[in-house]
Amino acid sequence: MALTVGTFNLNNLFDRWNFAGAVEVLAAGTSTVPATYTFDDEHRRRLQLDGRGKLLVSKPVADTNRIAERLLEADVDVWIVQEVENVDVLREFNREHLNGSYRHVMVIDGNDSTRFIDIGILSRRPLGGVTSYQRTFHPDDPSRPIFSRDLVEAEILDSKGRKVLTVFGTHLKSKFVDFTVPNPVEAAAAAELLRRRQAETIVRIIANRTSTRQRYLLCGDMNDTPDSPALVAYAQAGLVSALLTPTEVGMVKTTVDLPASPAWTSTFKESGQPRTFDLIDQIWLSPGLAPRLTGAFIGRRRKLARDGTDHDPAWISLDI
């Protein structure tokens, strides 16, 4: 059986109206000007602030349309997607932008109480059990759950209801450091430590749930490179990177010199520093699944800065 599985960070797929700045003014208590808002849809009458007190707004329509185009162009059977607010928005996105291409849609609310971004599943194949590990703790820090978002396990079934693959999807701690923090170096070190502990915990969970002979994969936005100290646990556990020599699908239009290797899904230009191209969106295969790999792909963006999202989708084809 041929099966394609991919990972894509959709970048803030929120279920919000994009209101004018007057809402922020009123919320800050700096104005007494009254405002009236009329909602045409009874089911979308919510205002919500993120953990920093900023109004959550919907993704721009052009960006939403573009990520839908990129998903449809890839034509993948199972997507693990990141930065989705809730299951309702993913269902609506599938219905209105993906032409209902994915019969099975799943999101479990995770731990992110700042940005409210979760991990979702879009699948043409039936799903079996779906498990969240958001209440898992690392032994070196039992004071809080280890996953700032989540680790999700999903069983992919064939048409007869038999499990053919187990997929683990995640979104690890970001490298982003707020410029207002007193000690940025210390904050960056703390974020790296958290990513390392998250990777260690993922490996431990997978070891408890599977054997190396079984067919499973781990994918998601790792927010670090495959050879980074934070992610060393993956290779040490025997997982095999599926994106060492991916095929690029599409081409970015830019005058910037691109790296010789196509193994990148994210690019960043820090002021005064050379542009970096990193493979932070990854797919790792179990030893039992690696021989079944028949292809690896990255859907290349059209615009270098962002193309609906600042990530490129990555996917693989399997013969299982």
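Since every read-out is calculated from the coordinates, none of them should be taken as a lab result. Values in this document were obtained by computation on a predicted structure and should not be read as measured data. Note that each Cβ is placed from the backbone with ideal geometry, even for glycine, and that neighbours are counted across all protein chains shown.
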Inset, instruction - Answer with a single label: of (i) 1.02; (ii) 1.19; (iii) 0.97, which was calculated as Cα Rg over 2.2 N^0.38 Å from the structure in view? - result: (i)
Inset, instruction - Determine, for S148, S317, the number of other Cβ atoms within 10 Å of each Cβ, and report the residues in order from fewest to most. - result: S317, S148
Legend entry - Check: the chain dipole with +1 on Lys, Arg Cβ and -1 on Asp, Glu Cβ, in debye: 520
Legend entry - Cα gyration tensor shape of the range 187-277, rounded if a/c is under 1.5, else prolate or oblate by comparing a/b with b/c: oblate
Inset, instruction - Only bridges with both residues in the chain count here: give the DSSP antiparallel percent, nearest 5. - result: 75
Legend entry - Sites excluded, GluC sites (Glu not before Pro) in DSSP loops with at most 11 other C-beta within 10 Å, longest stretch of the chain: 43-269
Inset, instruction - With only alpha-carbon atoms counted, please give the Rg and Dmax of the range 121-260, in Å. - result: 17.6, 57
Inset, instruction - Take every DSSP beta bridge whose two residues both sit in the range 213-320, then give the antiparallel share in percent to the nearest 5. - result: 85
Legend entry - Cα-Cα over 18 Å, subset of K175/K269; K59/K175; K59/K269: K59/K175; K59/K269
Legend entry - Stokes-Einstein translational diffusion, the range 152-213 - Kirkwood Rh over all Cα pairs, 0.890 mPa s, 25 °C, in µm²/s: 171
Inset, instruction - Could you calculate the contour length gain from D310 to V185, that is, 0.36 nm times the residue separation minus the distance between their Cα atoms, to one decimal place in nm? - result: 42.5 nm
Inset, instruction - With r as the distance between the Cβ atoms of R292 and L244 and R0 = 22 Å, compute the FRET efficiency 1/(1 + (r/R0)^6) and round to 0.05. - result: 0.90
Inset, instruction - Tell me what the chain gives for mean residue ellipticity at 222 nm when only DSSP H runs of n ≥ 4 count, each as -39,500 (n - 2.57), the sum divided by the residue total, rounded to 500 deg cm²/dmol. - result: -6000 deg cm²/dmol
Legend entry - Candidates per chymotrypsin sites (Phe, Trp or Tyr not before Pro) in the range 121-196, loop by DSSP, up to 15 other Cβ within 10 Å: F137, F176, F179
